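Okay, so here's the structure we're looking at.
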Amino acid sequence: MKRLLLVILCFILGISGAFANDTVPKPTFNGNVIEGYQPYIAKKDEVIYSSSNYKISKFDPTVKTNIEGVNSPGARGANQLVIYTPHCGESTETNEYGYEAIVVGNTVVELSGANSPIPKDGFVISGHGKAKTWITNAVRIGTKVYVDLENMKIYTYVTSESYLYLANKKLEDTEQMIQFYSQRNPNFNPRFSNMYIEDAKKYIKKAKKNPQSVKKNVSLSIEASNDALRNIIPHKPDEMKGVWLRPVEKSPFEIRNTVKKLKKLGVNTVFLETFYHGKTIYPSQVMAKYGFVPQNEIFAGFDPLEVWSEECKKEKIKLHIWFETFYVGGDGSNSSPQGILFLNPAWGNKMKKDYAAINPSKVATEHNGYFLDPVNPDARKFLLELLEEIIVTYQPYGVNLDYIRYPQAVSEANSWGYTQLAREMFQAQYGVDPIDITSNEMMVAWANFRRSYVTQMVKSAHALCKKHNVYLSAVIFPDRLAALLYKLQDWREWSQLNYLDGVTPLFLTCDARTAGRAITKVAESITPKTDLYAGLFVTFIGGSPDDLIRQIHESRKLDTKGVILFDYAHVTNRYTDALSMFFRAKEIIAQAPASDDKQKNDKKKEKKKKLNWFFSFD
């Protein structure tokens, strides 16, 4: 059950209470103290390669016990390192601006970007800012952990056991993938891959026998597992292979070069950020009509969207308009005389604590930016006019609505939607100003009221796209309950009402199993008529290439319509080799077994390449 963030959520979920941490007893599981809360004692012959420690800011933080995190999802403040246990609920509820390690017992079993599941027999280490940097440098899968509750410090140890844990995990994952494709494809021949698997097992045995050479043999084992992986992942020609892309190209020549690179990589769909931070990348007559900046100044002198549209058509790449719906950027975009909120301050959203203020509220957890009020009909009318201009002028394949929600609420005082217009409209309908609500029934009605206007925007966009035969999708938050309650985004209803052709949830994790669980939950909540595309965050948070491979595999296992990478700026050369097995292959080819001698020679050639992108503890 989710941790209490808003008073309104108490009445919807029927939960209450906050967990104070005046005294912190050692957590237990099945009657025993969890290993991670006891000092780590190395086994006989176990080698400790490195260790580190960091001060714990808060244990099981809440908005009541952690003042620094009162405005932040998960009650994790800036630069804080916090520990989440099952007392906090099923997940950490954090945002994507941190980094997290999931610990079972005393071993790190998964790494994640945000909103990580909290194991019943363990905890989650979560960090932001400086603490995030420490986790990134000190913690890997397999790392041993000791949480010293008395002194509020955390200790980490990278040992020979850490290396062995990771090698076995990679081997297990690869064997499961071989089994999966063997069962799904009767023509699949795993013989070559199995030879690499045998090598991986051999190196693990060597590592166990000689702890002093663990790093070398584990590295070779993981290399063999990844070589096996490279031989089993088939190409799916009908699968979306997409990227979200914020344009930085300032000339037609630069755009043509980028499109060619995308084509070479194997990308077949681009989600091009077209309206963001309150400005358009193209010269907009609608923006000019409203008195707004007619075009983002960095693209002055030409029409990037026209060039992107032409070049994508040449390369047979589908172009979707990535559209920041209710988010209009920070002061830089709105303080100028042509800024959207400078000219229309009443369009801006407000927190409850700022209800009497003249100006809209900043969203501290979202780049200190501003949101439009979904209840405001003039703001919605403007956005729909802008969308229609884009659709009619440039004829994209699709539109991808982002920020189609309220800012995330993290406390009652910091809940959103308390504009003068929204309050007056609600009071006219229900007879009470939302500021003065005291009854449970009215709190629920107020949440439904605001949520309905987000849905109204989706409905209107659907009608517009259907009129012009344009595909409509939306970026959604995978945790349906959190999206519904904290961001007032009811994407399940959108699917049930057929307002969307597809959803593009973003999975903020490096771990394939975590991503797989989240994909499954989304798939279970939408109708068969709604396409599901997995938005992968691995490249953005710096996960390994094999993390990316395994998440694509999870997406395929669950029969999604494809994957979208967030975002193109972070798809560096580090990932292109890994992506080649999914994106660039022309067709699925069942492997013909080669002669044993030829296979051995090929393996030797592969090993000489020394592919070291997959693993580094140093």
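The values are calculated or read from the model by the stated rules, or taken from the named source; none is laboratory data. Note that the coordinates shown come from a computational prediction; the quantities given were computed from them, not determined experimentally. Cβ placement follows ideal geometry from the backbone for every residue including glycine, while neighbour counts extend to all protein chains displayed. Surface areas here come from the heavy atoms of the whole protein model, side chains and all, with no ligands, DNA or RNA. Shrake-Rupley method; radii C 1.70, N 1.55, O 1.52, S 1.80 Å.
Residues of segment 318-340 that are of a type outside the set (S, T, N, Q), without any contact (Cβ under 8 Å) to a residue 60 or more places away in the chain and open to solvent by 10 Å² or more (accessible area, probe 1.4 Å): 330, 331, 332, 337. Applying the criterion of being buried (at least 24 other Cβ atoms within 10 Å of the Cβ) and more than 21 Å from residue 51 (Cβ to Cβ) to the residues of segment 89-113, the residue that is farthest from the chain's Cα centre (by Cα) is 92. Residue pairs, Cβ under 9 Å, 6 or more apart or interchain, first in segment 459-483 and of a type in the set (Asp, Glu), second assigned to a strand (DSSP E or B). List them. Taking only residues 6 or more apart or on different chains, the pairs are 479/91.
Applying the criterion of being open to solvent by 10 Å² or more (accessible area, probe 1.4 Å) and among the aliphatic types (A, V, I, L, M) to the residues of segment 266-289, the residue that is farthest from the chain's Cα centre (by Cα) is 288. Within segment 133-147, being more than 7 Å from residue 108 (Cα to Cα) and open to solvent by less than 20 Å² (accessible area, probe 1.4 Å) holds for 135, 138, 139, 145, 147. If you go through segment 497-530 and keep only what is assigned to a strand (DSSP E or B) and either within 18 Å of residue 548 (Cα to Cα) or of a type in the set (Lys, Arg) (or both), you end up with 506, 507, 509. Among the candidates 480, 451, the residue that is open to solvent by 10 Å² or more (accessible area, probe 1.4 Å), touching a Ser or Thr at 6+ places or on another chain (Cβ under 7 Å), among the basic types (Lys, Arg) and farther than 16 Å from residue 399 by Cα is uniquely 480. Among the residues of segment 496-510, those that are more than 11 Å from the chain's Cα centre (by Cα) and either at pLDDT below 95 or surrounded by fewer than 21 Cβ atoms within 10 Å (Cβ to Cβ) (or both) comprise 496, 497, 498, 501.
Of the residues 284, 333, the single one that is closer than 29 Å to residue 417 by Cβ and modelled with pLDDT under 95 is 333.
Conditions (1) assigned to a helix (DSSP H, G or I); (2) touching a strand residue (DSSP E or B) at 6+ places or on another chain (Cβ under 9 Å), marked per residue:
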position	(1), (2)
356	no, no
365	no, no
407	no, yes
427	yes, no
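Scoring residue 202 on the criteria (1) within 30 Å of residue 309 (Cα to Cα); (2) open to solvent by 80 Å² or more (accessible area, probe 1.4 Å); (3) modelled with pLDDT of 95 or more leaves a single failure, condition (1).
Every residue, every condition in (1) surrounded by 22 or more Cβ atoms within 10 Å (Cβ to Cβ); (2) touching a Phe, Trp or Tyr at 6+ places or on another chain (Cβ under 8 Å); (3) closer than 27 Å to residue 504 by Cβ, yes or no:
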position: 345; (1), (2), (3): no, no, no
position: 359; (1), (2), (3): no, no, no
position: 384; (1), (2), (3): no, no, yes
position: 395; (1), (2), (3): no, no, yes
position: 399; (1), (2), (3): yes, yes, yes
position: 406; (1), (2), (3): yes, yes, yes
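Looking across segment 548-571 at every residue that is without any contact (Cβ under 8 Å) to a residue 40 or more places away in the chain and open to solvent by 30 Å² or more (accessible area, probe 1.4 Å), the one that is farthest from residue 101 (Cα to Cα) is identified as 559. For segment 148-167, the candidate set comprises residues that are in contact with a helix residue (DSSP H, G or I) (Cβ under 7 Å, 6 or more places away or on another chain) and among the small types (Gly, Ala, Ser); within that set, the residue that is surrounded by the fewest Cβ atoms within 10 Å (Cβ to Cβ) is 160. Listed by first and then second residue, the pairs with beta-carbon distance under 6 Å, at least 6 apart or on different chains, first residue in segment 268-289 and farther than 22 Å from residue 473 by Cα, second of a type in the set (D, E, K, R) and part of a helix (DSSP H, G or I), are 286/385; 286/389. Taking the numbered list (1) assigned to a loop (DSSP other than H, G, I, E, B); (2) aliphatic (A, V, I, L, M); (3) over 25 Å from the mean Cα position of the chain (by Cα); (4) within 29 Å of residue 115 (Cβ to Cβ) in turn, residue 383 passes all entries but (1). Considering only residues in segment 290-331 that are over 28 Å from the mean Cα position of the chain (by Cα) and among the aromatic types (Phe, Trp, Tyr), the one that is farthest from residue 475 (Cα to Cα) turns out to be 302.
For segment 242-257, the condition holds for no residue, the condition being that it is under 28 Å from residue 506 (Cα atoms), open to solvent by less than 60 Å² (accessible area, probe 1.4 Å), more than 22 Å from the chain's Cα centre (by Cα) and modelled with pLDDT under 95.
Does segment 132-146 contain at least one residue that is part of a strand (DSSP E or B) and of a type in the set (A, V, I, L, M, F, W, C)? Yes. Within the bounds of segment 281-300, is there any residue that is among the β-branched types (Val, Ile, Thr) and touching a Lys or Arg at 6+ places or on another chain (Cβ under 8 Å)? Checked against the condition, which is being among the β-branched types (Val, Ile, Thr) and touching a Lys or Arg at 6+ places or on another chain (Cβ under 8 Å), segment 281-300 yields at least one hit. For residue 443, state whether it is under 30 Å from residue 113 (Cα atoms) and of a type in the set (A, V, I, L, M). The answer is no for residue 443. Before we move on, is residue 520 under 22 Å from residue 241 (Cβ atoms), hydroxyl-bearing (Ser, Thr, Tyr), modelled with pLDDT of 95 or more and open to solvent by 40 Å² or more (accessible area, probe 1.4 Å)? Against the criterion (under 22 Å from residue 241 (Cβ atoms), hydroxyl-bearing (Ser, Thr, Tyr), modelled with pLDDT of 95 or more and open to solvent by 40 Å² or more (accessible area, probe 1.4 Å)), residue 520 qualifies. For the criterion of being in contact with a strand residue (DSSP E or B) (Cβ under 6 Å, 6 or more places away or on another chain) and farther than 25 Å from residue 96 by Cβ, residue 397 passes.
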